[in-house]
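A.B. asks: Here it is: the structure, laid out below.
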Ligand SMILES: NC(=O)c1ccc[n+]([C@@H]2O[C@H](COP(=O)([O-])OP(=O)(O)OC[C@H]3O[C@@H](n4cnc5c(N)ncnc54)[C@H](O)[C@@H]3O)[C@@H](O)[C@H]2O)c1
Ligand SMILES: O=C(O)[C@H](O)COP(=O)(O)O
């Protein structure tokens, strides 16, 4: 599967900084110059000479001669060099060792480096020794390396060109390398294509001459439809992270080899429509609205990560219809919200904000009037989910009596008491805190009527979602004294970035704590989220697992071993699994594992199959009616 006739194709591959991540002579210098006081200085000189040679600024002969002189190396240094180089083989070459071994007849290593260290490295990955073309060292009587065999064309300028010309290879020639001398083979008309290999180093003067850029060997193999260890090159996967998500997320995606674009603030709909094109993974927080219109432009989008709890900013239905799996971080900032709520409750019931403001204005007003303990007070929680329950436990530890109301029948924790209706809870509580989710139906859940049902002098908190409270009604309730203190962290409209002003009628009212949606903004929470969400997204991208998705059927899949994984997402209709299995039967496919889960809207079928199947199977699976998305993983 996915192989093409290779008999007439030859791959000419460079060694230093292509097959390996490093320049071998730089590494040799690190070994041979140990103990020399000027080691760092000499190593920097060697590196500079290497770069100038690679960029075509000085001749190869000059570059070799200058470096060998500075190296002061000995035959005895070579075993240590080989040992180090073994650990520095480029990741994508390591991954694709099967391709290298299976196509050894057509692969040539052509390098201006030295056979003494190249041969042991490349033959370990299946390359034939007689297909290695490189220089050899010359030594003095004491084993010191003093130069190289000058008769070898590879020690001279345009040496690779001369060598390839003399080889008279009959067929297509693809050259893969990071240096100018690799490009010269193509320039001389001896190669069909030159791929600038940029996994380890990107040399602008080389890249600009290349037919293609290959950020990895996977990319080269994908581009040429050749057999490879990865179904899709990681370097082609684009990630867009908005709203200042924690830097650890960027690091995790980059480590994976993905291309990551990071933006500080949220984007509005039109900006996002433009930015999302070509993006495979989108990371947002609570402010970016992922609307149906945005999704219509998301031509490559596979998954969305909400780096927060709430997902009401995402059109989940539209995502599902397009086979886009959405994940969030359902617990990572729960504790942070709870701690802020507790802090605010104490500050508000003690009237600390008013006292503090007076002090800043030079007023010393020591009195106990309107200042209370929280012990023994009735805390009413609207919404008894992850945050509501945790707040319940912490509040009880402070001696509060907890009451809660939830639309779903929830188990009371500790001594918390369940209320049968919202109205019942509003009438009982001294302090009311909202912790419902942000579903549309909850718009203005608390308005003028609800404030009128509360006890006079109630303390009121909203750290859930802005649209749940009618702000004008809250303003009236504060002005009339119905609400004695309030803490609001979320607003119907919130500035998109820190540069935008906050405009709201709550500004300047007494005993009101206003915070800029920071309930979940602690270092701990953001770091937790920054680790948690990418792990989910990577599991989905790399393995197909959807465990924890908020809109997809949840499947925790085993790791893929020695099989290909076919992922089929379809509208939930009867008969699709049967049609898939008919196709497998028709092509006599050996199924190694099959997993199915559905929701009301979609079905997700994962089939692990033996590797030897024909491309028609994939085409027929994709053509099944009501297929939303198909993916192949290996
Ligand atoms: N301020 C912040 O920075 C911040 C941080 C994290 C979470 N949040 C928000 O806090 C809220 C709660 O988060 P969570 O993790 O506890 O969510 P959750 O989904 O675990 O719990 C929400 C609970 O609210 C209940 N509910 C929904 N509508 C209701 C209604 N009308 N009346 C009563 N109960 C209702 C649900 O049944 C559920 O039990 C969410 O809106 C979330 O987006 C805000
Ligand atoms: O849903 C959440 O987790 C909170 O509202 C926090 O959102 P944020 O990441 O945008 O601060």
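A.B. asks: Select from segment 503-547 the residues that are under 21 Å from residue 250 (Cβ atoms) and in a loop (DSSP other than H, G, I, E, B) and write down the one among them that is farthest from ligand 2 (Cβ to nearest atom).
C.D. replies: 522
A.B. asks: If you check every pair at least six apart or on different chains, which have Cβ atoms under 7 Å apart with a residue in segment 406-421 that is more than 16 Å from ligand 2 (Cβ to nearest atom) first and a residue that is in a loop (DSSP other than H, G, I, E, B) second?
C.D. replies: 406/383; 406/384; 410/384; 418/412
A.B. asks: Quick check: is even one residue across segment 404-417 more than 14 Å from ligand 1 (Cβ to nearest atom) and closer than 22 Å to residue 451 by Cβ?
C.D. replies: There is no residue in segment 404-417 that is more than 14 Å from ligand 1 (Cβ to nearest atom) and closer than 22 Å to residue 451 by Cβ.
A.B. asks: Now a separate question. Since residue 584 meets every condition but one in (1) touching a helix residue (DSSP H, G or I) at 6+ places or on another chain (Cβ under 9 Å); (2) outside any helix (DSSP H, G or I); (3) farther than 20 Å from residue 232 by Cα, which condition does it not meet?
C.D. replies: The single condition residue 584 does not satisfy is (2).
A.B. asks: Just to be sure, is residue 289 over 20 Å from residue 526 (Cβ atoms), within 13 Å of ligand 2 (Cβ to nearest atom) and in contact (Cβ under 8 Å) with a residue 24 or more places away in the chain?
C.D. replies: Spelling it out, residue 289 is indeed over 20 Å from residue 526 (Cβ atoms), within 13 Å of ligand 2 (Cβ to nearest atom) and in contact (Cβ under 8 Å) with a residue 24 or more places away in the chain.
A.B. asks: Would you be able to say whether some residue in segment 160-167 is touching a strand residue (DSSP E or B) at 6+ places or on another chain (Cβ under 6 Å) and either surrounded by fewer than 20 Cβ atoms within 10 Å (Cβ to Cβ) or part of a loop (DSSP other than H, G, I, E, B) (or both)?
C.D. replies: Yes, there is a match, as at least one residue in segment 160-167 is touching a strand residue (DSSP E or B) at 6+ places or on another chain (Cβ under 6 Å) and either surrounded by fewer than 20 Cβ atoms within 10 Å (Cβ to Cβ) or part of a loop (DSSP other than H, G, I, E, B) (or both).
A.B. asks: Using the structure shown, decide if residue 183 is assigned to a helix (DSSP H, G or I) and at pLDDT 95 or above.
C.D. replies: Yes; evaluated as a whole, the condition is true for this residue.
A.B. asks: With the requirement that a residue be within 19 Å of residue 440 (Cβ to Cβ) and more than 9 Å from ligand 1 (Cβ to nearest atom), what does segment 296-327 give you?
C.D. replies: Hits for segment 296-327 are 304, 306, 313, 314, 315, 316, 317, 318, 319, 320, 321, 326.
The values are calculated or read from the model by the stated rules, or taken from the named source; none is laboratory data. Please read all numbers here as calculations on a predicted model, not as lab measurements. Note that each Cβ is placed from the backbone with ideal geometry, even for glycine, and that neighbours are counted across all protein chains shown.
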